[in-house]
């Protein structure tokens with residue numbers, strides 16, 4: 001399946017509408033986050049050159065969300081997540097196309113977890129999460145990197161990482177889950193998501209995630225944090241400034257190939 005960025009966004013918007021309805025019906029808290037919160041404010045919908053859809057749901061509501069979402073989705077879509085017993089190694093729920101790889105087409109539901117008031121402990125948690133995620137990514141590439149690489153140096157680099165690759169998936173996932181549950185969300189002074197690329201910049205006082213406004217997102221009424229200016233400035237700085245025309249066009253021209261899974 002070959003999709004332009006516009007086709008990918010249109011499909012994701014269809015799923016997002018179902019997601020929002022399911023959350024409203026079942027009293028589940030959620031927030032559009034990162035580039036989608038930015039898109040809501042700056043573009044009134046997806047950033048035209050951004051293929052991602054990212055959502056936050058509190059850790060204590062993740063399981064309920066998965067139970068509610070799966071029956072609501074069209075047969076072509078499902079939720080993949082390691083705690084659902086679907087042989088996935090994903091550390092957070094991801095809405096995907098049934099029978100296809102999720103490298104490009106997906107909606108990520110990040111686990112909004114409780115965090116302590118201690119700065120050193122906050123940084124330790126993010127570093128631990130980052131290490132687990134990097135090892136999981138290495139395992140996904142694993143020995144295939146050697147087989148597909150013509151360069152001797154690339155093969156050596158992979159071989160040097162084999163001790164990390166040997167760590168079982170189950171152990172890594174259990175350690176990640178332990179991090180996510182260390183500070184119960186309802187009681188924690190801070191909250192954030194451990195899997196985001198911005199590290200501790202993804203962390204805020206928990207109360208900020210409790211207050212939201214509803215905004216129009218390409219015709220869908222969605223929630224973002226009420227203090228969106230503070231949130232977006234912490235992530236992006238001058239978030240109203242657009243990237244260069246060249247950078248925008250390089251994304252707009254991309255074709256995303258969504259491969260079917262083997263077997």
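Worth a mention:
- Subtracting the Cα-Cα distance of residue 119 and residue 141 from 0.36 nm times their residue separation leaves 4.6 nm of extension gain.
- Ranked packing of 215-224, 46-55, most packed first, by mean Cβ within 10 Å: 46-55, 215-224
- DSSP bridge pairs, the chain: antiparallel proportion in percent, nearest 5: 80
- Added length on full extension, which subtracts the Cα-Cα distance from 0.36 nm per residue, residue 167 to residue 43: 40.3 nm
- Here the contact order of the chain, divided by its residue count and restricted to Cα pairs under 8 Å and six or more residues apart, works out to 27 percent.
- Residue 74/residue 29 FRET efficiency (R0 35 Å; Cβ-Cβ; nearest 0.05): 0.90
- Virtual spin-label span in nm between residue 60 and residue 174, 7 Å along Cα→Cβ: 2.6
- Options (i) 50, 45, 32; (ii) 52, 44, 41; (iii) 60, 48, 28 - which one matches Cα extents along the principal axes in Å as calculated here: (ii)
- Two-site FRET efficiency, residue 257 against residue 234, from Cβ-Cβ distance with R₀ of 35 Å, rounded to 0.05: 0.50
- Full-stretch length increase - residue 187, residue 87 - with 0.36 nm per residue and alpha-carbon distance subtracted: 32.8 nm
- Semi-axis lengths, Å, the range 1-123, gyration tensor of Cα atoms, sqrt of 5 times eigenvalues: 23, 19, 15
Taken together, the values in this text are just the output of simple stated rules run on the coordinates, not laboratory data. Worth saying up front: this structure is predicted, and the values here are computed from it rather than measured. When we count neighbours, we look across all protein chains shown, and the Cβ atoms used for this are built from the backbone with ideal geometry, even at glycine.
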